[in-house]
Amino acid sequence: TEHRRSTRMCGCLARLFCCYGCCCKKKKTVAVEPVAVEPAKQQTPPEDEIRGRSQWADGARYIGDFKNAMRHGEGTFTWSNGDIYEGEWREDVCDGRGTLISANGDKYEGDFKMGVKDGQGKKMWTNGDVYDGAWRGGQQEGSGTFAMGDGPNHGCRYVGQWGAGRREGE
């Protein structure tokens with residue numbers, strides 16, 4: 001069975017914070033093809049729920065759950081630039097627990113809400129820097145700990161409050 005659907009592919013800079021499902025109005029039609037499920041896990045899903053895969057013209061791809069022709073449930077999306085999101089989806093956007101690995105090796109593990117980092121999470125940069133704490137709207141917000149990795153300040157830590165992605169305190 002082949003299903004057709006439209007999806008948003010973001011071409012703006014905000015895509016780095018919104019899991020590429022936000023603001024662009026560009027529509028692309030892609031094919032959703034069902035994939036085999038292990039016999040032990042097979043259940044009869046409602047007709048509007050399937051496990052499948054989808055491929056975009058630019059090379060992006062998704063493998064996971066669909067509901068009402070949208071990414072919904074558990075799945076993995078790989079962008080054409082090499083970024084990968086693996087985790088929970090709701091109505092075609094990253095929503096719930098997930099892991100976002102950038103092509104450059106930076107990694108975020110934690111909560112997403114409506115496509116952005118929101119809740120508790122941990123970001124690890126390739127230079128060894130680590131932030132572990134609260135996020136809101138894609139930025140560090142609330143209580144968190146930042147530890148510096150490589151460089152002249154290696155080992156320095158800040159534990160405290162954050163606002164709009166910046167530390168608030170000393």
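The values are calculated or read from the model by the stated rules, or taken from the named source; none is laboratory data. What you are looking at is a predicted structure, and each value in this text was computed from that prediction instead of being measured. Heads up, the Cβs are rebuilt from the backbone with ideal geometry, glycines too, and the neighbour counts pull from every protein chain shown. Protein only, heavy atoms only, side chains kept; ligands, DNA and RNA dropped before computing areas. Shrake-Rupley method; radii C 1.70, N 1.55, O 1.52, S 1.80 Å.
Here are the numbers for the structure shown:
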| quantity | calculated |
| --- | --- |
| ARG53 farther than 30 Å from GLY169 by Cα, among the charged types (D, E, K, R) and open to solvent by less than 50 Å² (accessible area, probe 1.4 Å) | no |
| Test result for ASP92, of a type in the set (Asp, Glu) and open to solvent by less than 60 Å² (accessible area, probe 1.4 Å) | yes |
| Test: residue in the stretch 142-155 that is in contact with a strand residue (DSSP E or B) (Cβ under 6 Å, 6 or more places away or on another chain) and within 29 Å of ALA60 (Cα to Cα) | no |
| Of residues in the stretch 99-117 being closer than 20 Å to ALA134 by Cα and open to solvent by 60 Å² or more (accessible area, probe 1.4 Å), the one modelled with the lowest pLDDT | MET114 |
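Each row is one residue, and each column tells you yes or no for (1) in a strand (DSSP E or B); (2) at pLDDT 95 or above; (3) among the small types (Gly, Ala, Ser).
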position	(1), (2), (3)
ARG4	yes, no, no
GLY21	no, no, yes
VAL30	yes, no, no
GLU47	no, no, no
GLY75	yes, yes, yes
TYR85	yes, yes, no
ARG97	yes, yes, no
